[in-house]
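Working notes, structure below.
The numbers here are math on the coordinates, done by the rules we state, and not lab data. Everything numeric in this text was worked out from a predicted model, so none of it was measured. Cβ: placed from backbone, ideal geometry, glycine included. Neighbour counts: every protein chain shown.
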Amino acid sequence: MSLKSKSISSKSSLNEDERLKKISPLRVLLNRPELGALGGSILVFIFFGIVAGDTGMFSAYGMLNFLDVSANLGIIAIAAAMLMIGGEFDLSIGSMIGFAGICIAIPAIYWGWPLWMSIVFAFAMAVLVGYFNGIMVVKTGLPSFIVTLAMLFILRGLTLAITRLITGRTQVPGLRVLIEDDPLAWLFATDTFKWLFTWLGSLKLIELRTDGTPLATGIPPSVIWFIALTLFATWILMKTRYGNWIFASGGDKVGATNVGVPVGRVKISLFIGTAVASTIFACIQVLDAGSADTMRGTLKELEAIAAAVVGGCLLTGGYGSAIGAAFGAIIFGTVSMGIFYTDVDTDWFKVFLGAMMLIAVVFNNYIRKKVTESK
Amino acid sequence: MSEYLVQFNNISKFFGKVIALKDVTMRLKKGEIMCLLGDNGAGKSTLIKTLAGVHKPDEGEIIFEDNKIVFDSPKDALDIGIGTVYQDLALVPLMSVTRNFFMGREPQKGIPFLKTFDVEKANKIAADRMGQIGIDVRDPSQAVGTMSGGERQCLAISRAIYFGAKVLVLDEPTSALGVHQASMVLKYIVKAASEGLAVILITHNVHHAYPVGNSFTVLNRGKSMGTFQKKDISREKLLSMMAGGEELDKLEVELQEMDRIHNKN
């Protein structure tokens with residue numbers, strides 16, 4: 001296409017090369033991994049715009065609802081996508097969410113720790129779990145699928161056993177009263193831009209309750225985290241040396257090692273990333289619900305991987321994007337909430353999820369062939 | 001100072017009871033292309049890995065610019081300027097030309113802790129370097145997977161030179177290539193040598209080696225059968241040495257015999 005061997009030429013100017021065919025912006029976009037998810041999101045919005053346009057789904061309140069669901073999934077999907085680009089899987093994401101939840105709740109409720117200390121403790125445990133996953137995969141050379149599947153059972157079992165041992169139950173409620181005045185909890189429990197919603201409410205531009213306050217009170221913390229993590233992950237992947245190492249580690253482990261990329265360290269850090277993202281997810285949900293549940297996060301690892309795949313990540317590693325995973329999460333979040341506004345039975349959501357993923361994998365495979373085959 | 005840039009003197013390598021290499025000696029001057037010829041199992045791979053610092057030789061010494069050197073890791077070999085291009089090239093097809101060129105050694109800019117990969121600079125250098133060898137990379141953000149085998153080989157060699165190789169060790173650079181692609185790579189190797197690099201070209205293809213080599217070392221069953229200057233040896237002689245000479249002669253006799261019997265019937 002635009003690579004061609006020629007007899008030795010002294011001139012190699014990048015800017016004014018008359019042989020450089022003008023590539024249309026559409027073609028540039030077609031070569032990006034997030035294209036599928038972006039197109040899918042647009043289609044989903046058009047579909048619900050037509051089917052559920054007048055039902056309140058696209059009111060401020062309705063939109064924040066499905067954005068909240070998308071954002072929660074997005075937080076773990078982005079971390080899962082980065083790990084997949086680095087060539088590995090993490091099936092323990094869901095169990096880590098449950099585990100992180102009780103790491104916050106039990107010390108805070110039963111041991112009298114301040115809430116911020118429990119949160120720090122949960123993140124410390126996440127780093128430990130991620131490090132263990134990573135070091136096991138790197139040192140043993142076993143597939144991450146197996147190692148993290150084991151971790152899925154271990155963490156879920158630990159969560160159940162410890163909770164029942166200490167509390168005699170499987171749920172730990174009573175966290176809500178601790179949030180106020182906590183120096184750390186606000187990061188995961190504060191709605192932002194409240195003034196904007198109050199102002200819009202006063203102009204009667206958004207729905208109001210009967211007492212005159214707006215129905216939607218602010219942007220939930222999940223959405224802020226989601227946007228921040230998407231930007232951060234994209235910056236890392238595209239703009240830093242470490243980002244290049246992630247692509248290299250996933251693309252060709254041996255080759256990357258031979259040219260000096262610290263593949264082991266890169267992979268371990270990515271495993272820590274998924275565990276930490278699971279803990280962010282847990283913090284937001286636990287503080288929002290005011291309680292920790294031992295079954296929280298069940299099957300979330302598969303949803304996260306599905307969103308990453310729909311977002312253009314190859315299962316074999318070395319290719320994908322954080323923005324793609326973000327759009328993948330938006331598709332799933334929007335459909336899972338939007339389906340309530342239509343006449344369709346919600347049971348069909350899983351069918352949609354599976355079909356979407358299948359289409360995405362076929363599409364990604366085609367793209368990879370296009371990218372790697374010589375012309 | 002001796003006339004040699006790098007000397008590998010009496011290198012031996014044993015794996016348990018197996019003698020992989022025995023008393024192999026190679027000496028290279030600047031600008032010299034030495035072809036290391038050998039059949040499968042002759043010990044080429046072991047020798048490459050010893051040159052690249054992956055294996056430590058059990059006997060013998062490596063002398064680089066008159067200093068005796070001991071490699072503890074591949075990085076040590078890289079640091080003094082022995083650049084090895086393995087057969088798998090260490091290129092990631094899904095990544096761009098630039099990202100491959102600088103893989104593991106990305107140029108950075110910006111303030112500490114917020115340093116970014118200087119993509120513009122990297123693009124410019126990569127396109128420039130590839131341009132110098134006649135490969136016109138018009139879009140350095142193009143995936144390496146779209147390049148031909150010869151272009152990939154040149155990219156890997158060019159990368160090794162850019163990152164300071166004074167001695168290039170090339171492992172079968174032409175083995176998977178067609179005639180046109182192979183000649184492109186060989187042309188580049190000659191060019192690199194003419195700019196003062198010493199090149200060790202490992203191959204089992206005498207037809208690719210003979211036109212570009214200045215000297216030839218033949219390995220057979222872990223032993224060096226000697227180093228020959230081009231003027232002292234013919235292509236046919238090299239070929240016969242590589243295959244173990246006698247074996248080929250025997251085969252020829254056997255074939256003639258079969259032919260004779262066949263004609264009789």
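GNM on chain B, C-alpha springs below 10 Å: top fluctuator among B:193, B:143, B:209? Among B:193, B:143, B:209, the largest mean-square fluctuation in the Gaussian network model of chain B belongs to B:143. For the pair residue A:160 and residue B:221, label points projected 7 Å from Cα toward Cβ lie 6.5 nm apart.
Counted residue by residue at 0.36 nm each, then reduced by the alpha carbon distance between them, the extension gain from residue A:265 to residue A:195 reaches 20.8 nm. In whole Hz, what ³J(HN,Hα) sequence does the range B:58-66 give by Karplus (6.51, -1.76, 1.60; θ = phi - 60°), x for Gly and Pro? For the range B:58-66, the Karplus-derived couplings read 7, 9, x, 9, 10, 10, 10, 6, 6 Hz, x marking Gly and Pro.
With kT/(6 pi eta Rh) evaluated at 37 °C and eta = 0.692 mPa s, and Rh the Kirkwood radius from Cα pairs, the range B:1-158 diffuses with a coefficient of 182 µm²/s according to Stokes-Einstein. Across chain A, the relative contact order, built from alpha-carbon pairs under 8 Å that are at least six residues apart, equals 34 percent. Relative to the longest principal axis of the Cα atoms of chain B, helix B:119-132 runs at roughly 40 degrees. Based on Cα contacts under 8 Å between residues 6+ apart, the range A:200-350 shows a relative contact order of 17 percent. Shown here are the Rg and Dmax of the Cα trace of the range B:99-214, at 15.6, 53 Å. For chain A, the Kirkwood radius over C-alpha pairs fed into Stokes-Einstein at 10 °C and 1.306 mPa s yields D = 71 µm² per second. Over the range A:61-198, the fraction of Cα-Cα pairs per 5 Å bin, rounded to whole percents and listed from the shortest bin up, is 2, 9, 15, 18, 17, 16, 12, 7, 3, 1, 0, 0. Summing +1 for each Lys or Arg and -1 for each Asp or Glu among the other residues whose beta-carbon sits under 11 angstrom from that of residue A:135 gives +3. Between the amide H of residue A:91 and those of A:148, A:149, distances stay under 5 Å, these residues lying 5 or more places away or on another chain, with hydrogens modeled in the peptide plane. A viscosity of 0.692 mPa s and a temperature of 37 °C, combined with the Kirkwood radius over Cα pairs in Stokes-Einstein, give a translational diffusion coefficient for the range A:30-95 of 232 µm²/s.
Scanning chain A for GluC sites (Glu not before Pro) lying in DSSP loops with no more than 14 further Cβ atoms inside 10 Å, the longest uninterrupted stretch between such sites is A:181-372.
Phi angles of the range A:71-80 translate, via the Karplus equation with coefficients 6.51, -1.76, 1.60 and θ = phi - 60°, into HN-Hα couplings of 5, 4, 5, x, 4, 7, 5, 5, 5, 5 Hz per residue; Gly and Pro are given as x.
Put a dot 7 Å past the Cα of residue B:65, heading toward its Cβ, do the same for residue A:347, and the two dots end up 7.7 nm apart. Remark: the range A:133-146, residue by residue, has Karplus-estimated 3J(HN,Hα) of 3, x, 5, 5, 5, 5, 6, 8, x, 6, x, 5, 3, 6 Hz, where x stands for each Gly or Pro and the curve is 6.51 cos²θ - 1.76 cosθ + 1.60 at θ = phi - 60°.
The charge dipole of the protein assembly as shown, taken about its Cα centre with unit charges on the Cβ atoms of Lys, Arg (+1), Asp and Glu (-1) only, comes to about 1080 debye. Residues with beta-carbon under 14 Å from that of residue B:25, excluding residue B:25: net charge, scoring Lys, Arg +1 and Asp, Glu -1? Here the count lands on +1. The orientation-averaged shadow of the Cα convex hull for chain B, equal to a quarter of the hull surface, comes to 18.7 nm².
As a calculated quantity, the FRET efficiency between residue A:176 and residue B:121 at R0 = 45 Å, using C-beta atoms, amounts to about 0.30.
Counting only alpha carbon atoms, the long axis of helix A:300-310 and the longest principal axis of chain A meet at about 30°. Of the chymotrypsin sites (Phe, Trp or Tyr not before Pro) found in the range A:105-201, those in coil by DSSP whose Cβ has at most 15 other Cβ atoms within 10 Å are A:111, A:193. Taking every Cα-Cα distance in the protein assembly as shown and sorting them into 20 Å bins from zero, the calculated P(r) comes out as 17, 39, 28, 13, 3, 0 percent. Give the angle, between 0 and 90 degrees and rounded to the nearest 10, that separates the Cα long axis of helix B:149-162 from the longest principal axis of the Cα atoms of chain B. Its long axis makes an angle of about 60 degrees. Mean sequence separation of contacting Cα pairs (under 8 Å, at least six apart), scaled by the length of the range B:95-142, corresponds to a relative contact order of 42 percent.
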